[in-house]
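FYI, it's all coordinate maths here, none of it is from the lab. Everything quoted here is computed from the prediction, not taken from an experiment. Glycine gets a Cβ as well: all are built from the backbone with ideal geometry, and neighbour counts include every protein chain shown.
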């Protein structure tokens, strides 16, 4: 890696690492050289990451350290692989699943790991010059946004921030907040120019592609056609069908057009895992690969089976059979190793149609000639709603390959309901939603702050939050109401922690509090299970069942899966009783975001996996997808390691028996498909 220019001696930088820098990259790098924090907002594929890589190279040159955080483990793993191949770079990785060289000069980690490091051992960051927040707009994430804010607010003052964001409308507001809470100057750098421009088109059933300007005309014709179908229906004629979502055949003519006009490869975003698979199967008989390409695909498939140490007969599996036809699918329900295989196949250019959910668009740089949206509605965990503009732009930004395509093509399919109601004007405007703070102090945060600074200082954390900063634009009455509400929320948490025996009256932490502060996300239930002796009585297999149940969340909207009483029924009841008691206490204190309850739908699967059964065998024991099973087993491992580390640290190693049993459980669970470190090494 070439050395960065010295800020004191070199002229204005225009080229770096063989690239001619764009205007926004030059501005950002000059700000880094001047000692400033930097907030960069630019479209997907515009080259934001190069700014981060310059900061990393600067730290490496000066023998300082740099932390790179990312919102998803797949992106962290990709960055680790990219950087470990640079001879001059000493790189490590910490994701919870995998820890490799935590003392390395360049340390890639999830934001949760960074946040925990800041609270637990800030001295470990004493020689860190930069923290890079990739996809910093993730602080708008309802579940994880608080972690990002806490990391930014409480990072040691000498640490400089390089924050990278997709296009957001309140960039200046976010920058002003960062200037207020961080000691260094901050440069806001914005670019709206894409290296490869996008062309947006619309598509509806039985109609060719059309521009947004013709949408009203298409709507009118569709409404007239629906009225004719309705009249025919009254006369007893059949054959018309209501459009409530994607119907088989809706996209056939579109993919025919893309193939005929050489507009492939295409990424088709569909927000249903089943739809991704169904669409892949429906298109598997298209002749997308020339004979020579098919032969290359077969060779690549054999190489990937060898590289990832898959069973030799995997080349005959559905994944590779589809790939041989130039088709694939990618979603979170797949095993992580299979998702990675699909990504490798796609980057080869031999998969021409890839059907995927939105996670494929986040951070991972895999552009296509064309992007297709099978729908603009997705399930948000509660109900179906239209895509946010920011999400649409992030996915659409995968269209257009630098150096190959003059423009990227983005096509949105509209069924009858979408034609009538879809917010096309908003999505096509390019003006994304403002980032909204999701800040709320967790039990862990409150315990850390109270233990280090005193109970009265806990309230000051709200004053530094982006949430409180955004309230300033509101009326005095609204600001006072919001402050009062936040104050009541903190008071409720403090009162409950005191009631449970985690806090002394002066705010100092008890033994319970010292343990709970290190168990982010599971502070109350794990601490109570430890101190009430529930975990002490458990055999290793029962511990495995307990931790998988604690992390698992049922995906379906129906009733929870029935688990027979013979499968650790007494254990499950004991943990449920503790969790229910905690929920009742939270309710009594008026806490609006209660702790997570255990979910036991993977009990049969973890019981069998612990006994050494194959992954294929345990898939038959649960309706959960392979990806969900693997992800929950890895999360359980991460939580167990956290508990073991906490007990060893706070109990002085006194609970040796529980630590040894946790070690045994981890060894039995962390094998084959579940072993994330093995997968990373194979790649």
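Where the Cα atoms of the chain are projected onto their three principal axes, how long is each span, largest first, in whole Å?
74, 72, 59
For residue 491 and residue 577 in one chain, what is 0.36 nm times their gap in residues minus the Cα-Cα distance, to one decimal in nm?
Contour length minus Cα-Cα distance gives 28.4 nm.
Using the C-alpha atoms of region 198-427, what convex hull volume per residue, in cubic angstrom, is computed?
Spread over its residues, the Cα hull of region 198-427 gives 143 Å³ apiece.
Kindly rank 39-51, 296-308 from highest to lowest mean number of other beta carbons found within 10 Å of each residue.
The most tightly packed comes first, giving 39-51, 296-308.
Find how much the distance from residue 588 to residue 474 grows on full extension, using 0.36 nm per residue of separation minus their present alpha carbon separation; answer in nm with one decimal.
Using 0.36 nm per residue and subtracting the Cα-Cα distance, I get 37.9 nm.
Find the Rg to Rh ratio for region 518-682, where Rh is the Kirkwood radius over alpha-carbon pairs and Rg uses the same atoms.
When Rh is taken as the Kirkwood radius, the ratio is 0.96.
If we sort 370-379, 667-676 on the protection proxy, mean other Cβ atoms within 10 Å, highest first, what's the order? Write down the numbers at each step before the final one.
Numbers: 370-379: 21.4, 667-676: 17.5.
Packing order, densest peptide first, comes out as 370-379, 667-676.
Given a cut-off of under 8 Å on Cα pairs at least six residues apart, what relative contact order in percent is computed for the chain?
Worked out over the chain, it gives 13 percent.
Would you work out the Kirkwood radius for region 404-563? I mean one over the mean of 1/r across all pairs of different Cα atoms, in Å.
Its Kirkwood hydrodynamic radius stands at 20.4 Å.
Let me test this: with uniform point scatterers at the alpha carbons of region 1-145, what is the Debye-based log₁₀ I(q)/I(0) at q = 0.09, 0.19, 0.21 1/Å?
These q points yield log10 I(q)/I(0) values of -0.27, -1.25, -1.48.
Rounded to the nearest Å, what's the spacing between the alpha carbon centres of region 525-542 and region 477-494? Just the number, please.
Measuring centre to centre over Cα atoms gives 35 Å.
Which order do 609, 16, 148 fall in if you start with the one that has the fewest other Cβ atoms within 10 Å?
Ordered by Cβ neighbours within 10 Å, fewest first: 16, 609, 148.
Using DSSP, restrict attention to beta bridges with both residues in region 15-190 and report what percent are antiparallel, rounded to the nearest 5.
Here the share of antiparallel DSSP bridges comes out near 15 percent.
Report the gain in length on full extension from residue 62 to residue 484: 0.36 nm times residue separation, minus Cα-Cα distance, nm rounded to one decimal.
Net length gain for the segment: 147.2 nm.
Of all DSSP beta bridges located in region 198-427, what percent are antiparallel, nearest 5?
About 15 percent, rounded to the nearest 5.
Looking at the chain only, what percent of DSSP beta bridges run antiparallel? Nearest 5 please.
15
What is the spread of the Cα atoms of region 358-448 along each of their three principal axes, largest first, in whole Å?
Extents along the principal axes, in whole Å: 54, 37, 21.
Calculate for the chain the 222 nm mean residue ellipticity that helices alone would give, adding -39,500 (n - 2.57) per DSSP H run of length 4 or more and normalising by residue count, nearest 500 deg cm²/dmol.
-14000 deg cm²/dmol
What is the Cα radius of gyration of region 439-506 over 2.2 N^0.38 Å, N being its residue count?
Normalised Cα radius of gyration, region 439-506: 1.17.
Can you give me the C-alpha center-to-center distance between region 268-298 and region 51-118, rounded to a whole angstrom?
35
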